[in-house]
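**Student:** Structure provided below as structure tokens; questions to follow.
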Amino acid sequence: MKVFKVPDMSCGHCTATIEKAVAAADNTAKLSFDLDARLVEIVSSLDAAALAAILESEGYPNSPV
């Protein structure tokens, strides 16, 4: 599991955008979100760098936790 702090993630639209982008790269990925803490947990075969790049490409700067 990889965990990312995503400061600009604030609503359901944000989570849906992230979920869709990650699923496009890994359709078996499992995501869970904590909007209050601005965290996303991702279980994926992709490495952390690839996932971080996907988040960035969708306009969500992030940092690993």
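The values are calculated or read from the model by the stated rules, or taken from the named source; none is laboratory data. Bear in mind the structure is a predicted one, so any value in this text is a computation, not a measurement. Cβ sites come from the backbone with ideal geometry, for glycine too, and all protein chains shown count toward neighbours.
Quick grid of which residues meet (1) among the β-branched types (Val, Ile, Thr); (2) out of contact with any Phe, Trp or Tyr (no Cβ under 6 Å at 6 or more places or on another chain); (3) free of Cβ contacts under 8 Å to residues at least 12 places away in the same chain:
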residue: Ala21; (1), (2), (3): no, yes, no
residue: Asp26; (1), (2), (3): no, yes, no
residue: Asp34; (1), (2), (3): no, yes, yes
residue: Arg38; (1), (2), (3): no, yes, no
residue: Val43; (1), (2), (3): yes, yes, no
residue: Ala48; (1), (2), (3): no, yes, no
residue: Glu56; (1), (2), (3): no, yes, yes
residue: Asn62; (1), (2), (3): no, no, no
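**Student:** Another one. Among the candidates Ala37, Ala48, Ala53, single out the residue that is over 15 Å from Lys5 (Cβ atoms) and at pLDDT 95 or above.
**Tutor:** Details: Ala37 fails: over 15 Å from Lys5 (Cβ atoms); Ala48 fails: over 15 Å from Lys5 (Cβ atoms).
Answer to the selection: Ala53.
**Student:** Counting residues that are buried (at least 16 other Cβ atoms within 10 Å of the Cβ), which strands (runs of 3 or more DSSP E) fully inside the chain reach at least 2?
**Tutor:** Working: elements: 2-5, 30-34, 39-43.
Result: 2-5, 39-43.
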